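For reference, the structure is listed below as structure tokens.
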Amino acid sequence: MRIWGKLMKDNRLVQDMVAEITDYNLSRTKKVYQALDEMCYAFDLAKPIWLKQNQQDFIKHSRTRFTQDSFVEEIDFDYLDFQVIEED
């Protein structure tokens, strides 16, 4: 599974990365959480909270945006775009 994470500010890409999860023993949910953990570590961010809207968007579109509402601390970007680009 490959997931693309992008930090966006003023409709511009600030930073991005692709997390590739190759452990086939993990469930899809665990792969998603592991990818988010890797991205937050690489971007030096606290982990966002999955709000109901994030969950619904991700289930429906395999993509969601984490805005300031999902983070406990202040962020210096508009949102973290989190999107599945390749599934196993």
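The values are calculated or read from the model by the stated rules, or taken from the named source; none is laboratory data. These numbers come from a predicted model, not from an experiment. Backbone-built Cβ (ideal geometry, glycine too); neighbour counts: all protein chains shown. The area values use the complete protein model at the heavy-atom level, side chains included, leaving out ligands, DNA and RNA. Shrake-Rupley method; radii C 1.70, N 1.55, O 1.52, S 1.80 Å.
For this structure, a couple of remarks:
- Charge tally around Tyr24: other residues with Cβ under 10 Å, Lys/Arg +1 each, Asp/Glu -1 each, net -1.
- Crossing angle, helix 52-61 versus the chain [Cα axis fit, 0-90 degrees, rounded to tens]: 50 degrees
- Split the accessible area of the chain by element, probe 1.4 Å, and carbon with sulfur accounts for 45%.
- Here Lys60 is the anchor, and the lysines within straight C-alpha reach of less than 24 Å, apart from those fewer than 8 places off in the same chain, are Lys6, Lys30, Lys31, Lys47, Lys52.
- If you run the Gaussian network model on the chain, springs between alpha carbon atoms under 10 Å, then out of Glu38, Glu20, Glu74 the most flexible one is Glu74.
- Taking every C-alpha pair closer than 8 Å and separated by at least 6 residues, the mean separation divided by the residue count of the chain gives a relative contact order of 39 percent.
- Highest mobility in the GNM of the chain, judged by mean-square fluctuation with C-alpha springs under 10 Å and restricted to Asn54, Asn25, Asn11, is found for Asn25.
- A convex hull fitted to the Cα coordinates of the chain yields 90 cubic angstrom per residue.
- Solvent-accessible area per residue in the chain equals 66 Å², computed with a 1.4 angstrom probe and all protein chains kept.
- One decimal place: the segment Glu20-Arg63 gains 13.9 nm when fully extended, by the rule 0.36 nm per residue minus the C-alpha distance.
- Charged neighbours of Leu13, selected by a Cβ distance under 15 Å, balance to -1 (K, R count +1; D, E count -1).
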